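Visitor: I'd like to ask you about the structure that follows.
Quick note: the coordinates plus some simple rules give every number you see, no bench work behind them. Source: prediction; values computed, not measured. Cβ atoms come from the backbone with ideal geometry, glycine included; neighbour counts cover every protein chain shown.
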Amino acid sequence: MARALDIDLQMHLRSIEANPLFRAEIHAAHRHVRFTFDGFWDEETVGWFDEAVEATVRAMNRSGIAYGRFRTLIDVRGAQLLSQTVAERVAMLAAKHAPASDRIAILAGSTLQKIQYQRVAAQREFRHFVSAREAINCLTAH
């Protein structure tokens, strides 16, 4: 069973890697998910990301991790600032997918980027950081 699950997760991750503007890493044993954003996002990218998050939730559920128990790191340091239209779409995704995780840390590359994501992802599950150490500590604290 574990071998089949590993293969399923590997296939899921390969399908996400087809999009160069975001990557996903799943560490089911620790309930951790990491999304890394890159480049300039448009509305089409937001749609692809929505599908990737839904697939990640299904993969985590199949691995035995209950919905609402994920620990998620979203690393936006490589992404450009979002246009107003894209920011609004990302805000809708944040509201839609936040309940899947009990902790979500957004790691920004600058104070300006952190402020933008604080507006986009204002739900209580989200914490915002410019320090990688603080973001990791938030997710791993008991």
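Visitor: Report, as a whole number in µm² per second, the diffusion coefficient that Stokes-Einstein gives for the stretch 2-140 at 20 °C and 1.002 mPa s using the Kirkwood radius over alpha carbon pairs.
Guide: On the way: Rh = 15.0 Å.
Calculated translational D: 143 µm²/s.
Visitor: Same structure, new question: For R127 and Q80 in the same chain, what is the full-extension length gain: residue separation times 0.36 nm, less their Cα-Cα distance, in nm? Could you put the intermediate results ahead of the total?
Guide: On the way: separation 47, 0.36 × 47 = 16.92 nm, distance 1.95 nm.
This chain segment gains 15.0 nm when fully extended.
Visitor: For R69 and R119, what is the calculated FRET efficiency with R₀ set at 35 Å and r taken between the beta-carbons, to the nearest 0.05?
Guide: Working: r = 27 Å, r/R0 = 0.76.
Rounded to the nearest 0.05, the efficiency is 0.85.
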